[in-house]
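Asks: This is the structure I have questions about; it appears just below.
The values are calculated or read from the model by the stated rules, or taken from the named source; none is laboratory data. Owing to the predicted nature of the structure, the values given are computational and were not obtained by experimental measurement. Cβ placement follows ideal geometry from the backbone for every residue including glycine, while neighbour counts extend to all protein chains displayed.
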Amino acid sequence: MRVREIADIKFAEPKATTITWRLNTFFTKEPQTLAWIDGFGRDDVFFDVGANVGLYSLYAAKRGCQVYAFEPIAANYHYLQKNIGLNGWFERCVAYCCALSDADGIDMLYLDSGAPGKSMASYAEQVSERLTPKISRERQGCVAFTLDSFVAKAAIPRPTHIKIDVDGLEHKVVAGAAAVIAAAKSVLIELNPAIPQHAGLIEMMHRHGFVTRSKPVKNVENQLFVRDGSL
């Protein structure tokens, strides 16, 4: 394993894993996400839901934000913790190995692969990112919380900014986060408008008092929701 430095952030890079691809595309895969984080202030609190190995969590931590990162896949969580340690940011970036959903519970996390850097996991149901049935090759035991109950149980501050990228189950995260979202300035959600649950999620965010800042999504893309007049 070697250590690579990108944007003045240290990342662990094991051989022959998806992590290398993630590091190679750091600036090109989601430039709008980096630009969004560039607007955060030192007093902001950032929740990264579906943090993977921590690229965006650490990018926000470098800006001095208080970061809470959520990643249920065991291999990803291992490298997320390692990356936080490489940068000496344990106080400003706290990681939790759990899923977030619309109810607290204990169930299975279904995986395409448990290798570091991989994604496409689903909690409690074997579905693809399009919410169609699929058979997963691997699984692990997993605990889940709603964001609202997690914040209350952990006694951590509510976020000012939230990123939600959980490969199709974003609507469940939002359904369990009414109080948390009520305190947020902006929420970045990966959406697929072809999924009825995601179309309903857009309506739900509008009911929470958010407007869409980025252009409406057509495929699987990030949609930025902001409170009118913020950012």
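Asks: Checking the condition of a type in the set (Asp, Glu), closer than 23 Å to residue 174 by Cα and in contact with a Ser or Thr (Cβ under 7 Å, 6 or more places away or on another chain), which residue from 112, 102 passes?
Replies: The match here is 102.
Asks: Please identify the pairs in which a residue from the range 122-145 that is among the hydrophobic types (A, V, I, L, M, F, W, C) has its Cβ atom under 6 Å from the Cβ atom of a residue that is surrounded by 14 or more Cβ atoms within 10 Å (Cβ to Cβ) and part of a loop (DSSP other than H, G, I, E, B), counting only partners at least 6 apart or on another chain.
Replies: Close Cβ pairs satisfying both conditions: 131/168; 131/195; 142/72; 143/98; 144/101; 145/104.
Asks: When the residues of the range 34-62 are filtered to those that are in a loop (DSSP other than H, G, I, E, B) and buried (at least 21 other Cβ atoms within 10 Å of the Cβ), which remaining residue is farthest from the chain's Cα centre (by Cα)?
Replies: 40
Asks: Here is a follow-up. Listed residues 184, 194, 179; which is in contact (Cβ under 8 Å) with a residue 12 or more places away in the chain, aliphatic (A, V, I, L, M) and in contact with an Asp or Glu (Cβ under 7 Å, 6 or more places away or on another chain)?
Replies: 179
Asks: Separate question: Report every pair of residues separated by at least 6 positions or lying on different chains whose Cβ atoms are under 7 Å apart, first residue within the range 103-114 and touching a residue at least 60 places away in the same chain (Cβ under 8 Å), second assigned to a loop (DSSP other than H, G, I, E, B).
Replies: Once the first residue is touching a residue at least 60 places away in the same chain (Cβ under 8 Å) and sits in the range 103-114, its partners that are assigned to a loop (DSSP other than H, G, I, E, B) give 103/146; 103/176.
Asks: Considering the range 76-113 alone, what residues qualify as being outside any helix (DSSP H, G or I), polar (S, T, N, Q) and modelled with pLDDT of 95 or more?
Replies: The answer is 101, and nothing else.
Asks: While we're looking at this one, here's another question. Considering only the range 92-117, state which residues are of a type in the set (Ser, Thr, Tyr) and surrounded by fewer than 19 Cβ atoms within 10 Å (Cβ to Cβ).
Replies: Listed by number, the list holds a single entry, 113.
Asks: Of the residues in the range 1-33, how many are of a type in the set (A, V, I, L, M, F, W, C), loosely packed, with under 12 Cβ neighbours inside 10 Å and touching a residue at least 40 places away in the same chain (Cβ under 8 Å)?
Replies: Qualifying residue count for the region: 2.
Asks: Being free of Cβ contacts under 8 Å to residues at least 60 places away in the same chain and among the hydrophobic types (A, V, I, L, M, F, W, C) is the filter here, so list the residues in the range 151-167 that pass it.
Replies: Passing the criteria: 151, 152, 154, 155.
Asks: Next question, about the same structure. Across the range 120-163, which residue is nearest to residue 192 (Cα to Cα) among those that are β-branched (Val, Ile, Thr) and part of a loop (DSSP other than H, G, I, E, B)?
Replies: 132
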